[in-house]
Structures are given as C-alpha cells and as structure tokens.
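First the structure, in the form of structure tokens, and then the observations on it.
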Amino acid sequence: MAKEEYADVCQLWALCNATGDFELVGDVCDDLLAVHTDREKPVYRALLTYIYVAYNRPFNSKPKLLFLKNKLPAKHQTLHKQMVEHRNQIYAHTARDGPLKGRFNVNRVTVVRQRGGRLVVADKILSLPQTVRKVKELAECMCKIAYDERDKLLDKHEDKFPMGKAVYLNVTDPNGPFVLPAA
C-alpha cells in the first residue's frame, strides 16, 4: 500500500481507539456521579484517575491525534488543557511543580508533631463532581469530533471495503495490502 494509505490506516486505527476511550470516559463519569460520589473512597480516586488517563490516551498514542484538540469549540479548550496538565502532574504522575488548587498544592506535605508521633499528609487534588460533569461533556464533544474524522477517512477509502464482507485494516504491515480478509 502507498505511504499515505498506510498513514490513513494507522489514523483510522487510532481514531477508532479514541472514540472508544472518549465513550468510556463519559460512561465512567456517569457512574462516578451516580454511584461513587464519596470523594474519600478509594473507588472515587481510582475512577477519577482512569478518566484522566483514558481521556488523554489518544493524544499520547501512536499516531498521536493532537489535531483533534484544534477542532474543539473554544468553550472546551481550557478544560482540555487542564485535563492534559492534571493527567501529567497529578493523576498518572506526581509532579513537584504541579498546580495549586486553592489551599491544596500537589507539592506540599503537611507535618504535625503531636504526642506519640507525627501526622504526615501529602495533599491530593480530586476533581469535584461539577468538574466531572464538564469532563463528560468534553469527552462527548471529543468523541463526536473523532467519529467525524474517522468517517471522513472511511469515506476517502470507501472503494477498498467490499460490500457485505468484513475486512481488517492492515495496521501492522505498511508494505502489505490496505485491508486483509476477515478470518
């Protein structure tokens, strides 16, 4: 297959994975808001971490889908930027120079000396439910953008998909055919 065709196949593969990630982020946001509302419970923190990691996966995979963020409406740009920063500084990694959130700061450790020992606490930042609602809306918007981009690529190569037959996109061999017959 031609170099451009192989790039399109890889892009289609990445967009299909992206739509799955964005859809799942929306579903996990719903579950977090409906069932796991206690911010002190480990499951809240675990689901929140998943939301941030999964949302960012399309922008860190190969090929990276960085162009998707450029298609976001202006009202979502700030939250998208925060999702990327918070994934990198708080949820997937811990950065000493992470963001401040009111009285919380990811690079602060509080020590209280008391009789019988010490109380040592590292601040943790957890998104509030209202932020989770906005993340759900952002994920839905990103999902629509990714679907639209996927459909444009599929339309471009429509003639390579035989009517009524399943085929696999050839993501692994740039020198092979565009599609492989389904087993």
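Filtering the stretch 77-109 down to residues that are in a strand (DSSP E or B) and of a type in the set (A, V, I, L, M), which residue is modelled with the highest pLDDT? Quick ask: steps written out before the conclusion?
If we filter the stretch 77-109 for residues that are in a strand (DSSP E or B), which is where we start, we get 100-101, 104-105, 109.
With of a type in the set (A, V, I, L, M) added as a condition, the list becomes 100, 109.
Numbers: Leu100: 56, Val109: 74.
Only one residue tops the list, namely Val109.
Residues in the stretch 11-30 that are surrounded by 14 or more Cβ atoms within 10 Å (Cβ to Cβ) and among the acidic types (Asp, Glu) were compared, and the one that is nearest to the chain's Cα centre (by Cα) is Asp21. For the stretch 137-151, check the following and say yes or no: at least one residue is among the basic types (Lys, Arg) and either assigned to a helix (DSSP H, G or I) or surrounded by 15 or more Cβ atoms within 10 Å (Cβ to Cβ) (or both). Among the residues of the stretch 137-151, at least one is among the basic types (Lys, Arg) and either assigned to a helix (DSSP H, G or I) or surrounded by 15 or more Cβ atoms within 10 Å (Cβ to Cβ) (or both), which makes the answer yes.
Is it true that Phe59 is touching a residue at least 40 places away in the same chain (Cβ under 8 Å) and within 17 Å of the chain's Cα centre (by Cα)?
Numbers: touching a residue at least 40 places away in the same chain (Cβ under 8 Å): no; within 17 Å of the chain's Cα centre (by Cα): yes.
No, not satisfied.
Here is a check on your reading of the model: is Thr37 of a type in the set (Val, Ile, Thr), touching a residue at least 12 places away in the same chain (Cβ under 8 Å) and in a loop (DSSP other than H, G, I, E, B)? Walk me through how you get there before you give the answer.
Working: of a type in the set (Val, Ile, Thr): yes; touching a residue at least 12 places away in the same chain (Cβ under 8 Å): yes; in a loop (DSSP other than H, G, I, E, B): yes.
Answer is yes for this residue.
The values are calculated or read from the model by the stated rules, or taken from the named source; none is laboratory data. Keep in mind it's a predicted model, so treat the numbers as computed, not measured. Ideal geometry is used to build each Cβ from the backbone, glycine not excepted, and the neighbour counts take in all protein chains shown.
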